[in-house]
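First the structure, in the form of structure tokens, and then the observations on it.
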Protein chains: 2
Amino acid sequence: MSRQEVPAIPDTSPCCPPLVDEALTDETAATLARGFKALGDPVRLRLLSLIASRAGDEVCVCELTDAFTLTGPTISHHLKVLREAGLIDCQRRGTWVYYWIVPARLAALSQLLDVSGATATARP
Amino acid sequence: MSRQEVPAIPDTSPCCPPLVDEALTDETAATLARGFKALGDPVRLRLLSLIASRAGDEVCVCELTDAFTLTGPTISHHLKVLREAGLIDCQRRGTWVYYWIVPARLAALSQLLDVSGATATARP
């Protein structure tokens with residue numbers, strides 16, 4: 001469960017200009033879509049929010065499992081998807097695995113969707 | 001293809017506090033995951049970026065189709081997924097359908113992933 005075992009997107013993902021600035025290339029779209037796909041599941045989104053809301057601190061997998069009625073293996077699967085998408089990372093210590101968010105990767109996805117510079121045009 | 005034909009998430013989606021602020025509820029996670037799932041495909045992400053990079057203006061479906069080697073029906077399917085997720089909207093005028101982004105929905109997803117307030121802790 002260490003970062004060596006499963007290849008994940010590094011937390012040095014380049015930040016992307018907002019969608020409103022320029023059209024995406026094929027390669028960039030593929031990398032970013034992988035992150036959004038991992039977020040496209042309610043359980044994974046809740047898991048990520050449980051980890052992220054620790055304000056930079058890590059969370060034991062035992063606490064995450066307790067927050068759901070799902071089985072341990074199901075939770076572990078969803079955590080693996082989030083990790084392989086580069087959104088979280090983890091370390092095993094003794095019996096338990098501890099998780100934390102990868103701020104740079106989340107920031108890159110957030111920045112891409114930042115349309116605050118876009119004009120909200122009135123539509124028919 | 002008018003907004004009456006396919007139920008879509010309204011563009012008044014409430015903004016969500018960033019993940020780092022608090023854990024998501026089941027209901028909020030389900031609504032947000034639908035948006036991220038729509039973004040979890042490279043073709044849809046490129047389509048959205050082509051529409052968004054018009055800086056608030058609309059884009060004819062004919063231009064979008066020209067930008068890909070995919071068939072018209074495939075492009076239309078991806079546009080429908082984006083629309084049903086509330087990320088874009090459209091209007092048919094004569095032969096063509098015109099698309100534009102829904103800034104409020106994109107902003108809600110962006111804000112959720114904004115971890116700029118999170119502490120990037122050094123990890124082992």
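A few remarks follow.
- Top-ranked residue of segment B:54-63 - restricted to ones that are under 18 Å from A:Asp114 (Cβ atoms) and facing another protein chain (nearest Cβ under 8 Å), ranked as modelled with the lowest pLDDT: B:Gly56
- Among the numbered conditions (1) touching a strand residue (DSSP E or B) at 6+ places or on another chain (Cβ under 7 Å); (2) open to solvent by less than 30 Å² (accessible area, probe 1.4 Å); (3) within 11 Å of chain A (Cβ to nearest Cβ); (4) in contact (Cβ under 8 Å) with a residue 60 or more places away in the chain, the only one that B:Ile51 does not meet is (4).
- Selection over segment B:31-78 of residues that are over 18 Å from A:Lys37 (Cβ atoms) and among the hydrophobic types (A, V, I, L, M, F, W, C) gives a count of 13.
- Of all residues in segment B:90-102, those satisfying the criterion of being buried (at least 22 other Cβ atoms within 10 Å of the Cβ) and at the interface with chain A (Cβ under 10 Å from one of its Cβ atoms) are B:Cys90, B:Ile101, B:Val102.
- Matching residues in segment B:64-86 - criterion: being more than 10 Å from chain A (Cβ to nearest Cβ) and under 25 Å from B:Ala107 (Cβ atoms): B:Leu64, B:His78, B:Leu79, B:Lys80, B:Val81, B:Leu82, B:Arg83, B:Glu84, B:Gly86
- Taken together, the criteria exclude B:Gly86 from residues that are at positive phi and open to solvent by 40 Å² or more (accessible area, probe 1.4 Å).
- Considering the conditions (1) surrounded by fewer than 18 Cβ atoms within 10 Å (Cβ to Cβ); (2) more than 16 Å from the chain's Cα centre (by Cα), A:Leu24 is excluded by exactly one of them, (1).
- Beta carbons closer than 6 Å, at least 6 apart along the sequence or on distinct chains, pair a first residue in segment B:94-112 that is in contact (Cβ under 8 Å) with a residue 40 or more places away in the chain and within 15 Å of B:Leu45 (Cα to Cα) with a second that is among the polar types (S, T, N, Q) and open to solvent by 10 Å² or more (accessible area, probe 1.4 Å) for B:Arg105/B:Ser13.
- Filter result for the condition that a residue is surrounded by 15 or more Cβ atoms within 10 Å (Cβ to Cβ) and more than 7 Å from chain B (Cβ to nearest Cβ), over A:Pro18, A:Pro42: A:Pro18
- Being in contact with a Leu (Cβ under 9 Å, 6 or more places away or on another chain) and modelled with pLDDT of 95 or more holds for only one residue in A:Leu87, A:Leu19, and it is A:Leu87.
- Lone unmet requirement of (1) over 21 Å from A:Ala29 (Cα atoms); (2) facing chain A (nearest Cβ under 10 Å); (3) open to solvent by 10 Å² or more (accessible area, probe 1.4 Å); (4) modelled with pLDDT under 90 for B:Ala122: (2)
The values are calculated or read from the model by the stated rules, or taken from the named source; none is laboratory data. In this text the structure is predicted, and so the values were computed from the model without any measurement. Glycine also receives a Cβ, built like all others from the backbone with ideal geometry; neighbour counts cover every protein chain displayed. What goes into the accessible areas is simple: the full protein's heavy atoms, side chains included, and nothing from ligands, DNA or RNA. Shrake-Rupley method; radii C 1.70, N 1.55, O 1.52, S 1.80 Å.
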